[in-house]
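To start, the structure under review is shown below, and the notes come after it.
The values are calculated or read from the model by the stated rules, or taken from the named source; none is laboratory data. All values reported here derive from a predicted model rather than from experimental measurement. Methodologically, a virtual Cβ is constructed for each residue, glycine included, from the backbone with ideal geometry; neighbour enumeration extends over all protein chains shown.
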Amino acid sequence: MATEQPSEDGLQLARRVLSTEIEAIERTAEALGDEFIEAVDRISKCRSSLVLVGLGKSGYVAGKLSATFASLGCPSHFVHAAEALHGDLGRFIPGDVVILLSNSGTTAEVLGVAREAARKELFRISMTSNRESPLSAICDLNLHVPITREACLNNLAPTASTTAMMALGDALAIAVSKAKGFSAENFHGLHPGGRLGLEMTTVDEFLKSAGSPYLTFNEETVLSEMLADAVSRNSRAGAFVLVGEAGTITGLFTDGDLRRLLAREGAAGLSLKAVEVMTRSPKRAVVDQRIREVVELMARHKVDEVPVVDREDRPAGLIDIQDLLRLGIVRQGDR
């Protein structure tokens, strides 16, 4: 096959493709109306499952959207349109809501599934670029994706249409999750693994498995005594947590503070009391906060150690940036 010299360079072409897809999303947003609101209501009140159906590129989009709905607390599964007509109709049960994706609204296999869903009296929502399509006619609602052309050079490959369908499906999933009252706690329950799971872990849970060693001293303690105690315990603590007479946290003294003190005062600095050199009222985390909040706190205030307190402001642990880097919750480049 002959290769023709492109009429525009790669960057110009890439920007034109992105502009076309952005325009497709914007047109889809402008087309939203009462049918979207009804779709949210129907799906959020569904007591069975949300089934997404598609074929080809629209099928890949349907599969991804089904995973997104499930991730946000809406039970969902994907059914391949061709497989549905060869036995997978058994996946449909009374009470299901079905979303059928087809850009043209004329895909034979998707139409076949729509007819079977109608026969089963399931509520049907189409997602097409043609409100007057056969698929739209079979369905109870149509979510319009008003695509005028694809981003493909030949206006053939599904590009702008699939991008807009994906974005519309994401908007629908998030609107449904809000209607269902889906919370951060619910999200954590469905995402216990990986970086997301760790970010949503409470500080208390995190400390049980990954918190840094720490030592607590009264703020009137002399630094040399604190260091001797730490050495005798073979402690790897990156910071000392300081408390007052009431047992509540009053300050923090880090290994960085120690290096700067020795550079400035020499060994004489070790005769000072912690209260004279500590960082007063340090930023702190509470045991029932999420690790994600601690990460944001550390980034916002540019600190590497955060003491953890209970609701009475008594020390409960220490989180060091090295803990977060080691577990991949933050990356070196994020700092």
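Here are the numbers for the structure shown:
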{"quantity": "Residue list for region 65-76, filter: surrounded by fewer than 17 Cβ atoms within 10 Å (Cβ to Cβ) and under 20 Å from Val110 (Cα atoms)", "calculated": "Ala67"}
{"quantity": "Filter result (surrounded by 16 or more Cβ atoms within 10 Å (Cβ to Cβ) and not in a loop (DSSP other than H, G, I, E, B)) within region 181-192", "calculated": "Phe187, His188"}
{"quantity": "Some residue of region 139-149 being surrounded by fewer than 20 Cβ atoms within 10 Å (Cβ to Cβ) and either outside any loop (DSSP other than H, G, I, E, B) or of a type in the set (Phe, Trp, Tyr) (or both)", "calculated": "yes"}
{"quantity": "Sole residue being in contact with a strand residue (DSSP E or B) (Cβ under 6 Å, 6 or more places away or on another chain) and touching a residue at least 60 places away in the same chain (Cβ under 8 Å), chosen from Val97, Val113", "calculated": "Val113"}
{"quantity": "Single condition Thr163 does not satisfy, out of (1) outside any helix (DSSP H, G or I); (2) closer than 14 Å to Ser58 by Cβ", "calculated": "(1)"}
{"quantity": "Test: residue in region 264-277 that is surrounded by fewer than 18 Cβ atoms within 10 Å (Cβ to Cβ) and either within 35 Å of the chain's Cα centre (by Cα) or closer than 14 Å to Val306 by Cβ (or both)", "calculated": "no"}
{"quantity": "Lys57 out of contact with any Lys or Arg (no Cβ under 6 Å at 6 or more places or on another chain), surrounded by fewer than 16 Cβ atoms within 10 Å (Cβ to Cβ) and of a type in the set (Lys, Arg)", "calculated": "no"}
{"quantity": "The listed residue being aliphatic (A, V, I, L, M), touching a strand residue (DSSP E or B) at 6+ places or on another chain (Cβ under 7 Å) and over 19 Å from Lys45 (Cα atoms), out of Leu141, Leu198, Leu168", "calculated": "Leu168"}
{"quantity": "Which numbered condition Val97 fails, given (1) of a type in the set (A, V, I, L, M); (2) surrounded by 17 or more Cβ atoms within 10 Å (Cβ to Cβ); (3) farther than 16 Å from Ser161 by Cβ; (4) under 24 Å from the mean Cα position of the chain (by Cα)", "calculated": "(4)"}
{"quantity": "Meets criteria (within 16 Å of Ala39 (Cα to Cα), under 25 Å from the mean Cα position of the chain (by Cα) and either surrounded by fewer than 18 Cβ atoms within 10 Å (Cβ to Cβ) or among the aromatic types (Phe, Trp, Tyr) (or both)) for Ile174", "calculated": "yes"}
{"quantity": "Failed condition for Pro307, given (1) part of a helix (DSSP H, G or I); (2) touching a Leu at 6+ places or on another chain (Cβ under 9 Å)", "calculated": "(1)"}
{"quantity": "Top-ranked residue of region 201-215 - restricted to ones that are in contact with a strand residue (DSSP E or B) (Cβ under 8 Å, 6 or more places away or on another chain) and modelled with pLDDT under 75, ranked as surrounded by the fewest Cβ atoms within 10 Å (Cβ to Cβ)", "calculated": "Pro213"}
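Listed here are the residues, each with its yes/no results for (1) without any contact (Cβ under 8 Å) to a residue 24 or more places away in the chain; (2) under 36 Å from the mean Cα position of the chain (by Cα); (3) surrounded by 13 or more Cβ atoms within 10 Å (Cβ to Cβ).
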{"residue": "Ala179", "(1), (2), (3)": "no, yes, yes"}
{"residue": "Gly194", "(1), (2), (3)": "yes, yes, no"}
{"residue": "Phe217", "(1), (2), (3)": "no, no, yes"}
{"residue": "Leu227", "(1), (2), (3)": "no, no, yes"}
{"residue": "Ala230", "(1), (2), (3)": "yes, no, yes"}
{"residue": "Thr248", "(1), (2), (3)": "no, yes, yes"}
